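Enquirer: Sharing a structure, written as C-alpha cells. Questions coming.
The values are calculated or read from the model by the stated rules, or taken from the named source; none is laboratory data. If you're wondering where the values come from, they're calculated on a predicted model, not measured in any experiment. Please note: Cβ atoms are built from the backbone with ideal geometry, for glycine as well, and neighbour counts cover all protein chains shown. For accessibility, only protein heavy atoms count, side chains too; no ligands or nucleic acids. Shrake-Rupley method; radii C 1.70, N 1.55, O 1.52, S 1.80 Å.
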Amino acid sequence: MGTLVSLLLLGLMWGGVYLLMAQGLNLIYGVMRVVNLAHGDLIVMGGLIAFSLFHHAGLSPLLALAPVFALLFVLGLLIAAGVLERIEEEGPRGELRTLFATFGLSYLLANTSFLIWGGQFQSIPFLQGALVLGPLTLPEGLAAASAAAFALALLLHLFLERTLTGKTIRAVAQSPLGAAASGIAVRWVRVFTFALGTALAGAAGALVICLVPFQSASGPDLTVQSFTLVALGGLGNMLGAWLAAELLGLIEVFAQYTLGPDAATAAFYLLFILFLIVRPQGLLGQAGRV
Amino acid sequence: MRRAGVASFSLSPFLQAGAAGTLAAVAAALALAANDYVAGLVFSTAVNVLLALGWNLIGGMAGAVSFGQVAFFGLGAYFTALLVVQAGLPLAPAILLAALGAGLAAWPLGLLMLRLSGIFFALGMLGLARVLALLANALDLTGGPMGMTVPAALSAAAPAFVAIGAALGAFLLILALLESRFGLRLRAVADDPASASAIGVAPSSTRTLAFVLAALFAGAAGGLYVAHVGYIDPASSFAGTIELQTVLMVLAGGIGTLWGPVVGGIVISLLSTFLWARFPTEEQIILGALIIALALRLPDGLLGGRKHPRFRPPLLRGAVEGVAGAAAHAASRGERAGAVLAAEGLSRRFGGLAAVTEVAFEVRAGEILAIIGPNGAGKTTLFNLLTAHLAPSAGTIRLNGAALARLPPPHRLARAGIARTFQTSRLFPSLTVWETLLLAALTRHRHWAEAEARAGAILAALDLVSVANQYPETLTPGQARLVEIGRALALEPAVLLLDEAMAGMNEAEIARLQRVLRELAAAGMAILAIEHVIAAIAPLAARILVLDQGRVLTSGPPETVLEDPRVIDAYLGPERLDVAA
Amino acid sequence: MNEALLELEGVSAGYGRLPVIRGISFIMTEGERLAIIGPNGAGKTTLLRAVMGEIPLMRGCVRFEGEEIGTLPLPARVRRGIGYCPAGRRLFPELPVRDNLELGAHGEGRRERERRLEQVLAIFPRLHLLLARRAELLSGGEQQMVAIGRALMGGPRLLVLDEPSTGLAPRVVHELYAALAGLGAGRLAILIVEQNARAALRFAARGLLMSGGEITGAAEAKGAGVPHFETYLGLKREPACETPTRA
C-alpha cells in the first residue's frame, strides 16, 4: 500500500516536469505552426549546460535555471531569426521545408552536444536525501524539481494571461491575420515565442537531468515524449496539458517500477501511436491555440 | 510566361531505363575492377540509393513524410540475420525473404500508421523504429543488446553486384509504376487527398501500396547491410544516422522526383564517406547543417522544381463525339423517371448556430437546378452536406431513390455517381490537364484506350486541347475551372454538383460553360449548381432555389423567383429602412 | 487641390502568376467614403488585400498620405494609420472583448488605451456589457463591431472594411451602417467592399463597380447611384452608371 501511494505521488511529481517539457513545444506550435523536431535536443542541451555549471562552478541546478534559460533564449532567437523565419514556405510542399530544417537541426544540436559533453549518460546529484512523510518516503530531488517546474509553468501561464506581451502572443496564435491587422509585428512575435519556448525547453532539461541521467543522444525520445503530451492534452489547454502530464508521469513511474526503463520508453511510443490512431487528426489541428 | 509550365523536354521511359542500366553497369564494372575499398564504396552507395528510393516513394511521391523508415531497414537486417543464423539459409535467399518479410509486415503497419496524418505519421514512424529497437534489445532470440554475428559475404564485389542489382530493380519498378495508372493516382494523392477522393481515388490504399514497396526496398537494404558487415545489433540497425542520411539524400537530389534519390544517394554517399574520413566527429553536425542549408537555399534539391508530363494525349481523331457523349453515358446511370438527387429535411447545426435548416429539393435527369443566396446563406454548408464533407444533423440525401449512408468516404460517393467541383479551384499541381482528365476517366474505365477516348472527348468539348500539356499554375482561372468541371465529367456522374463554378470567369468562358451545361442537361445529366453569379446560371436553370439564412426562401422558375421582392431584399439589403435600429 | 489620402496607380495583383485585378487606379481624399461593389469573384477582396499588403503588388503603386507604401508589410501599414477589418473578422476567439480591442492599440500606453477604449465604446455602446465575454461567444453583428472597434483603437485616418455585412441579418446590417455613418466626424476616410450594394451605396459618397478584376463603372452622388438590381447582377447589359471611371 505504502509503495502504491509512493508511486502515485512520484508519478504526480513527474507530471510537473513533463508539463514544463511540453509547454515550450506547445507554445512554439501554437504561434508559429512549426513542429520543432529539435525540441528534445534543446532539452538535452539545457540539461547538459546545467550539468557543467554544477560540476565546474558548483552551481545548484535550481540556480542554474536562470543562466540556462538565458542561454537557450539566445540560441532560440538565433535559430528562429537565422533559419526558421527565412525559409520560403510558398510553393508545393513548402511547409515541409521547415519540418526538414528542424530535423537537420536536431542532428546538428545532438552532435554538437556530443562534441562538447561526449556520449556518456550524465546526471546531477542534487538533493539526494529522502523526504519522509509518515509512512511515505519521497526523493527530495524530485520534490524540488517538481515544485520548480510547476512554478515555472504557472509563471508562463500568468505571463500569457495577464501581460500585454503575453496577450500579443496569444493573439498571433489565435489569428495571425487579425494580429497583423491590429498592427502587431507578427514576425517578431514569432521569433520571440520560439526563443521563449526554447528557453523553457532548456529549463526543463536542467530539471530532468537531476532526476534521470541522459546523454547527448537522448533528444529524440524527449521530443516524442513532449509530442505525446501535446497530442494527449490538447494545445493551449492548460488543464488538459496538466492532466496529460500527470497521466504520463504515472505511466512512466509505474512502467519503470514494474517493467524497467526500456519498457517505459516503449510504452510511451505505443501510447502515442495508439492514441493518435483513435484520434487521427490529433488534438493539434483542432485546438491549436495558446 | 506560358512556356514555363510546358515541358521543354522529357526522356522517354525506355531512355530513362537505359540510362539507369548504364549507370548500374558502370558501377558494377568499378566494383569489379578496383580494389576492395572502392568495391565497398560502390556497395554502400548502392544500398543508400536503394534506401533513398524507398524513402522517396513514400515520403516524396506519396507525400507521407516518415522519420522512421529505418524501422524496415532494421527489420530486414534482423530477418536476414535470423534466417541465416537460425534457419541456416544462404545469404542471397535470406535477404530476398527478409525484404519480402519487411514488406509483408509493412502492410498491416501501413494500414494502421497511415491513419495518422502529417507530422504524426512522421513521428509515429520514429516511434515505431524505437519500439522495434527496444524489442530487439529485449529479446533473447535477437541476441539482445549484444546482437549476433552473421557469416558475411567473402568478397566485397559480390554484395556490391547484388546491391546494384537491387537498386536498379527498385528504380525500374518505380519507373514502371509511374508509367501506370497507379503513378497517376499516387501523384494526385500526394498533391491533394481530398481532391483525389473526389474523383474516386482512395488515398489510403494508394498510400499503403507505396508504403509496402518502400518497406520492401528498405528491408532489402537492411539485409544487404548485414551481409556486408557480418554483424548486427539494435543500435546500428535502427540508427538515427541512417534516417538522417536517407532524408538528406532525397532532399539533396530532389524530393518526389524519379532521379533525385539516385543523384542524391551518390552525392551524399561520397560526401559522407569523405567527411567520415576527414572529420569523423563533426560528420553528423555537417550533414545536419546541410539539411538546414538545403531547406533554406535549395528546397527542391538538385533535380527538383521542373516537371515533365508523363502522359500526353494521343492524336485526337477527326470528329469527337463531344461532351454530350460523355453525358449520354452518364445519364444511363440516373433514373429517367424519378429524382436523381433529392434532399429531405436537411439540417446542420454548428453548436448553437443553425447553418442549414430543413432544406428539401430534388433534381431530375436532364434538369439544372440552381441554388442561389447571398453570402452566409448556408450555400457552402449545404454543398458540404451533399458531398459528405459534413454529416447532417437531420434529414436524408437520396441518390436515385436510395438513401446515402450517413458519411460515406468521398471516393465512394464519386464512384456512386456524384461528382463535384470545388469552390476555390483544387487541381493537382503536379498533373497536367490531360493527366488530370485521364486519371478521372480511369476511375470509370478499366481499359486505358477507353479512358483516353473519354478524356479526349472532354478535352475537345471544353476547348482545352491547346492547354492539354500545361500545369494548373499556368491556366487562367476560367480555364482551371473548366478543367475541374471536365474532371468531374470524366467520372460520368449521374449528378454533377457545381460549387460557384462561374465565379471569376470571363464572358467568353461563361458562354462556353453555359453551352456545355446545356448539352449535358439535354443529354440527360442532372446538374445542381450553387451559384452566386445569378446572371450566368439563370438562363440555364429550370428552377432556382433561393437560400437565405439557412432556409429555403423560395423556389420556382427563374422568372418568378428573380422578381420576388424578398429575393431582391436578401441580395441587396432591404429597400426601405423601415426596421427599427 | 484636395489632399490625396490614398492613391492607387495601375495596381495589378493576384495569386500565383496570374493577376486577379488589373490596372486599378483611384484616389481617396481625407474623410471620403468610397464603396467598391460587385459580384463574387470580381476581385474586390483581392484589391483590399493588395492595398493592405496581404499580397504583393505585381504592378503599380499604392501611396498613403503621399508616401509609397506598396512594399511595407501589413502591420506597418496599419501602424501608419490604415485600420483594417479583414474578411471573416479575424478576432481573437479565446480572448475577451476588452483584450481584442486593446490589442488594436497595443503600442500605446495604458492611459491612451483606456481613452481610446472609451471612444470605441461610445460608438458601439452595446460592447460595454460584453467586455468580459470571449469573442467567440458573440453574435456575428457583435463580432463585426469588435473588429471595427479594434481597427479604430489604432487611431486610423483610413478605415478599410471587407464585407462587413456578410452573414448578418438585415436589421443588424442597418445598425452597423448607422454606427459607421457616425464615425470620425468627417475626418476618417472609409474604404468599404460590399456585396450588399444598397447598404454600401447608401453609406458611401461614391461607389466603384468592379467586375472581372477591373473597375467597370462608378456612381458619384450619394444614394442616387444604386444600380438597378438586374444590371448589378448582369442580367441586362447596360452601363451601370452614367459616369465612367477615370482611367
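Enquirer: Of B:ILE568, B:ILE527, C:ILE123, which has the most accessible area and how do the rest follow, probe 1.4 Å?
Expert: On the way: B:ILE568 35, B:ILE527 0, C:ILE123 55 Å².
Ranked list, largest accessible area first: C:ILE123, B:ILE568, B:ILE527.
Enquirer: Follow-up. Between the range C:1-79 and the range B:452-479, what is the C-alpha centre distance in whole Å?
Expert: 33 Å
Enquirer: Let me ask you something else. Given a Förster distance of 35 angstrom, what is the FRET efficiency for C:ALA181 paired with A:LEU274, based on the Cβ-Cβ distance and rounded to 0.05?
Expert: Efficiency at R0 = 35 Å is approximately 0.05.
Enquirer: Does anyone have the angle between helix B:91-113 and the longest principal axis of chain B? Alpha-carbon axes, 0 to 90°, nearest 10?
Expert: 30 degrees
Enquirer: From the square roots a ≥ b ≥ c of the eigenvalues of the alpha-carbon gyration tensor of the range A:140-220, which class results: rounded (a/c under 1.5), prolate (a/b over b/c), or oblate? Present the calculation step by step, with values, prior to reporting the outcome.
Expert: On the way: a/c = 4.41, a/b = 2.01, b/c = 2.19.
Because a/c hits 1.5 or more and a/b fails to exceed b/c, the range A:140-220 counts as oblate.
Enquirer: Roughly how many Å² of A:TRP242 are accessible to a 1.4 Å probe, to the nearest 10?
Expert: The accessible area of A:TRP242 comes to roughly 100 Å².
Enquirer: Return one number: the angle in degrees, 0 to 90 and rounded to the nearest 10, between the long axis of the Cα atoms of helix B:322-331 and the longest principal axis of the Cα atoms of chain B.
Expert: The angle comes out near 90 degrees.
Enquirer: Put +1 on the Cβ of each Lys and Arg and -1 on the Cβ of each Asp and Glu in the protein assembly as shown; which of B:VAL189, B:ALA449, A:LEU155 then has its Cα farthest toward the positive end of the dipole?
Expert: In the protein assembly as shown, that residue is B:ALA449.
Enquirer: A follow-up question, please. Anything losing 50 Å² or more of accessible area from the isolated chain to the full protein assembly: pick those residues out of the range A:161-192, probe 1.4 Å, ligands and DNA/RNA ignored.
Expert: A:LEU164, A:LYS167, A:GLN174, A:LEU177, A:ALA181, A:SER182, A:GLY183
Enquirer: Multiplying the sequence separation of B:ARG349 and B:VAL229 by 0.36 nm and subtracting their Cα-Cα distance, what value in nm do you get? The partial results should precede the final answer.
Expert: Numbers: separation 120, 0.36 × 120 = 43.20 nm, distance 6.29 nm.
Taking 0.36 nm per residue and subtracting the Cα distance, the gain is 36.9 nm.
Enquirer: If I fit a long axis through the Cα atoms of helix A:2-32 and take the longest principal axis of the Cα atoms of chain A, what angle between them do I get, 0 to 90°, rounded to 10?
Expert: 10 degrees
Enquirer: Using the Karplus curve 6.51 cos²θ - 1.76 cosθ + 1.60 with θ = phi - 60°, what ³J(HN,Hα) values do you get for each residue of the range B:237-253, in whole Hz, with x for Gly and Pro?
Expert: 6, 10, 5, x, 4, 4, 4, 4, 5, 4, 4, 4, 4, 5, 5, 5, x
Enquirer: Using only the Cα atoms of the protein assembly as shown, construct the convex hull and provide its projected area averaged over every direction, in square nanometres to one decimal.
Expert: Numbers: hull surface 190.7 nm².
Approximately 47.7 nm², given one-decimal rounding.
Enquirer: Here is a follow-up. Gap in Å between the Cα centre of the range B:352-415 and the Cα centre of the range B:56-116?
Expert: Cα centroid of the range B:56-116 versus Cα centroid of the range B:352-415: 44 Å apart.
Enquirer: Quick one: compute the contact order of the range A:2-278, relative version, from alpha carbon pairs under 8 angstrom and 6+ residues apart, as a percent. Intermediate values should be presented prior to the final figure.
Expert: Working: 451 pairs, mean separation 111.8, N = 277.
For the range A:2-278, the relative contact order is 40 percent.
Enquirer: For A:TYR269, A:TYR107, what's the largest-to-smallest order of accessible area, 1.4 Å probe? Spell out each step's value before the answer.
Expert: Working: A:TYR269 5, A:TYR107 35 Å².
So the residues, ranked largest to smallest area, are A:TYR107, A:TYR269.
Enquirer: Using only the alpha-carbon atoms of chain B, report the extent along each of the three principal axes, biggest first, to the nearest angstrom.
Expert: Over chain B, Cα extents along the principal axes are 90, 56, 45 Å.
Enquirer: Assigning unit charges at the beta carbon (Lys, Arg +1; Asp, Glu -1) and nothing else, what dipole magnitude in debye, to the nearest 20, does the protein assembly as shown show about its Cα centre? Mind showing how you got there, number by number?
Expert: Details: 82 positive and 75 negative charges, 212 e Å.
Once rounded to the nearest 20, the dipole reads 1020 debye.
Enquirer: Would you list the membrane-span-like helices of chain C, meaning whole DSSP H runs whose alpha-carbon atoms span at least 15 Å along their axis and whose mean Kyte-Doolittle value is at least -0.5? Display every interim value, and only then the final one.
Expert: On the way: long enough: C:110-123 (20 Å, -1.31); C:140-153 (20 Å, 0.26); C:170-181 (16 Å, 0.61).
Helices meeting the criterion: C:140-153, C:170-181.
Enquirer: Could you put C:ARG111, B:ARG518, B:ARG278, A:ARG190 in order of accessible surface area, largest first, with the 1.4 Å probe and the full protein assembly present? Show your work: numbers first, answer last.
Expert: Numbers: C:ARG111 210, B:ARG518 120, B:ARG278 150, A:ARG190 60 Å².
The ordering from most to least exposed comes out as C:ARG111, B:ARG278, B:ARG518, A:ARG190.
Enquirer: Quick one: Karplus J couplings for the range B:407-415, per residue in order, coefficients 6.51, -1.76, 1.60, θ = phi - 60°, nearest Hz, x for Gly and Pro?
Expert: So the Karplus estimates, Gly and Pro as x, are 8, x, x, x, 5, 5, 4, 4, 6 Hz.
Enquirer: What number comes out for accessible area per residue over the range B:9-239 if the probe is 1.4 Å? Units Å², please.
Expert: With all protein chains present, the range B:9-239 gives 35 Å² per residue.
Enquirer: Still on this structure: Over the range B:9-239, what relative contact order in percent results from Cα pairs under 8 Å that are six or more residues apart?
Expert: Working: 369 pairs, mean separation 91.4, N = 231.
Taking the mean separation of contacting Cα pairs over the length of the range B:9-239, I get 40 percent.
Enquirer: Towards the positive end of the charge dipole of the protein assembly as shown, with charges on Cβ (+1 Lys, Arg; -1 Asp, Glu), say which of B:VAL162, B:PRO409, A:GLY40 has the farthest Cα.
Expert: B:PRO409
Enquirer: While we're on this one: How big is the antiparallel share of DSSP beta bridges in chain B, given as a percent to the nearest 5?
Expert: Antiparallel bridges: around 60 percent, rounded to the nearest 5.
Enquirer: Still on this model: Once ligands and nucleic acids are excluded and a 1.4 Å probe is used, how much of A:ASP262 is accessible, expressed in Å² to the nearest 10?
Expert: A:ASP262 exposes around 70 Å² with every protein chain in place.
Enquirer: As I understand it, the dipole of the protein assembly as shown uses +1 on the Cβ of Lys and Arg and -1 on the Cβ of Asp and Glu, about the Cα centre. Which of A:LEU7, C:ILE69, B:ALA27 lies farthest toward its positive end?
Expert: Sorting the options by dipole projection puts first C:ILE69.
Enquirer: I need to check one value: relative contact order of the range B:322-572, counting alpha carbon pairs closer than 8 Å and at least 6 residues apart, in percent. Let's see the in-between values first.
Expert: Values: 527 pairs, mean separation 77.2, N = 251.
Reported relative contact order: 31 percent.
Enquirer: Rounded to the nearest 10 Å², what accessible area does B:TYR231 show when all protein chains are kept and the probe is 1.4 Å?
Expert: Rounded to the nearest 10, that gives 90 Å².
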